Structure formats: C-alpha cells, structure tokens
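The values are calculated or read from the model by the stated rules, or taken from the named source; none is laboratory data. The structure displayed is predicted, hence computed values, not measured ones. Reconstructed Cβ throughout: ideal geometry from the backbone, glycine too, with neighbour counts over all protein chains shown. Side chains are part of the model used for accessible areas, which takes the heavy atoms of the whole protein and leaves out ligands, DNA and RNA. Shrake-Rupley method; radii C 1.70, N 1.55, O 1.52, S 1.80 Å.
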Amino acid sequence: MGDQFCSLVFTLSNLYFTFCAYAHKFQPTVWETCGTQSQKGWLVAFVLAMLPLLARLIQSVRRYADSKLVTHLINGGKYGSGIIYYFFYYLWRHHGVTDRGGSFVLWCLFGAVYSIYACTWDFLMDWSFFKPRSRYPLLRPDLVYTNEIPFYYFTLVSNVLIRFIWVFYIPERGPSITLRTFIGGMLEMLRRWQWNFFRLENEHLGNMDQYRVTREVPLPYRFDETAHEEEDDADEEGITHKGWLRRQRVFSTNLMKVSGPADESHIG
C-alpha cells in the first residue's frame, strides 16, 4: 500500500489547497493565499507529498535493522532521494516557475537522480527484467503474460518516460503549471497501475521458485499404484466371499446328511 500512496503525491499535496480554497470561498486571490506561492502553502504541500515516501523510508530502515540486508538500505535511499526531490520542487514552485536560480538547479539535479534511481529499481528489483539468456531480450526467462509480449516492451518505454515527467514542467511557455501537474499526476497513477501487474507477476514467480506457492500439489502416491492396490483389494474381497459361500455349502450338506436318518426313523 505504501508504494500505491507514493503515486498519489499530486492528490495528497493538493488536500490543503482544496480545504483552504473552500474556507476562503474560492476568492480570486485563493492561489496566492493557499497555493505554493504562500509560505505556508508550499510547506504543507511538501509535507503531505513526502509522507508516503517517509513511511516507506522508515519501513526500509526497519527491515534492514531486522534482516541486516543492504538491499533494504538501497531501497530506502530511493525514497530518501524522492523526499529531497519534492522539497526542491515545491521550493522552486514557491519562488515561481520562471525562476532559474539555485532551487531550480537542485530540483533538476535531484529529479534526474530520483528518476534514474527509481527506474533502475523498477527494472532490476521490482520486475527482475534485463536477465541474461532470456527468450525475449531485456525481459526475464519466466513470464506469465506470454500472450502479451509487446505490452512488456511498451511498459519499459512508458515507465522511463513517466518517471521523467517532471521535465514537462520546465518550459515557460505552454499549458499552465497547474494543468501540467494534473496531467503528470494522472500519468503517474497509470504508471503505477501497469507497475502492479509486473510486480505481482515477479512476486508470484519468486514464490514458486522458493516453493512458497505451487501450481500443482504433488500427491504422496501414484495413480497406477493406487489402481493396482484397489484391484488387489477387490480380488481379496472376492476370494473371501467365495470361500465363505463354499463353507456354507459344505456345512449345509453335512447338516442334511446328519439329520436325514433321524427324520426317517421318526416317521417309521
């Protein structure tokens, strides 16, 4: 769930603006009062935006403390770079989108670091792509959606493009920054949607490799042995039944032989 909330930064960061604008009855100056231009607005927006990343960072550090696996620290570094990226992003928005000063340079720098960091983690760790000796280049040997191979390659390209969607905010001309961030937020949710498919696929294959889940449950016996055992049991039951009938016939015959003379003497 933490990864899902990391893709809802646009929605979370606008919660304060929504309630603030409603409290001010959507006056024309609401952007200066509640938006990132105000001192309080950009700080609150940043805090709301970094909460999912902070939660995942703490979780990664805790998992490292429990397992001592450096992989969790590397994963935590991804979320740490994301927090720094959003800090300089909202600081740049506070100074104005036409500002090309220090906050803009640092935002672009950490934007590139965070995008490359996150993209690499998506491909190598979350999806386990770029495996050698794969049937399909750049993918992995085991695939679940074998009928949708082009979709894998579409995801590779689209994931990189959407990870670098922040570049769309740089030009001074074009749509307003509000419209751009809305488009970027929608694309990020779509990226997370397709990310879920391959993340769950990779987790399922990993569980199968480690025997935590299997498609078939092996039986402790073979069907042919069971069939032979059932036939043997049936034969034994048939032999027992025949023997019982034979003993009954012998007993009846002997009984008739014994009782026959007694009956004749009684009649005479």
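A few points about this structure:
- Hits in region 87-108 (condition: of a type in the set (D, E, K, R) and within 13 Å of P171 (Cα to Cα)): D99, R100
- Residues in region 69-80 include none that are part of a loop (DSSP other than H, G, I, E, B), farther than 19 Å from D3 by Cβ and open to solvent by 30 Å² or more (accessible area, probe 1.4 Å).
- Scoring K68 on the criteria (1) touching a Lys or Arg at 6+ places or on another chain (Cβ under 7 Å); (2) over 20 Å from I165 (Cβ atoms) leaves a single failure, condition (1).
- Test for F223: is it over 24 Å from M1 (Cβ atoms), more than 19 Å from the chain's Cα centre (by Cα) and modelled with pLDDT of 90 or more: no
- Residue list for region 167-176, restricted to those being under 18 Å from S103 (Cα atoms) and among the charged types (D, E, K, R): E172
- Qualifying residue in region 167-175 (condition: under 25 Å from the mean Cα position of the chain (by Cα), among the aliphatic types (A, V, I, L, M) and not assigned by the TED database to the domain that holds Q39): no
- Some residue of region 177-191 being under 18 Å from the mean Cα position of the chain (by Cα), farther than 21 Å from L124 by Cβ, open to solvent by 60 Å² or more (accessible area, probe 1.4 Å) and not assigned by the TED database to the domain that holds W107: yes
- Any hit, region 119-137, residues being open to solvent by 60 Å² or more (accessible area, probe 1.4 Å), of a type in the set (S, T, N, Q), assigned by the TED database to the domain that holds C6 and free of Cβ contacts under 8 Å to residues at least 12 places away in the same chain: yes
- Selection within region 138-166 - under 30 Å from G96 (Cβ atoms) and in contact (Cβ under 8 Å) with a residue 12 or more places away in the chain: V160, I162, R163, F164, I165, W166
- The residues of region 81-117 that are of a type in the set (D, E, K, R) and outside any helix (DSSP H, G or I), listed by number, are D99, R100.
- Given (1) surrounded by fewer than 13 Cβ atoms within 10 Å (Cβ to Cβ); (2) in contact with a Leu (Cβ under 7 Å, 6 or more places away or on another chain), number of the condition G174 does not satisfy: (2)
- Yes/no for H95 being of a type outside the set (G, A, S) and in contact with a Phe, Trp or Tyr (Cβ under 6 Å, 6 or more places away or on another chain): no
- Matching residues in region 19-68 - criterion: being small (G, A, S), free of Cβ contacts under 8 Å to residues at least 24 places away in the same chain, in a helix (DSSP H, G or I) and surrounded by 11 or more Cβ atoms within 10 Å (Cβ to Cβ): A21, A23, S60
- Near pairs, Cβ below 7 angstrom, 6+ apart or cross-chain, from region 104-115 (more than 19 Å from H94 (Cβ to Cβ) and modelled with pLDDT of 95 or more) to any residue that is crowded, with 17+ Cβ neighbours inside 10 Å and among the small types (G, A, S): V113/S81; Y114/S81; Y114/G82
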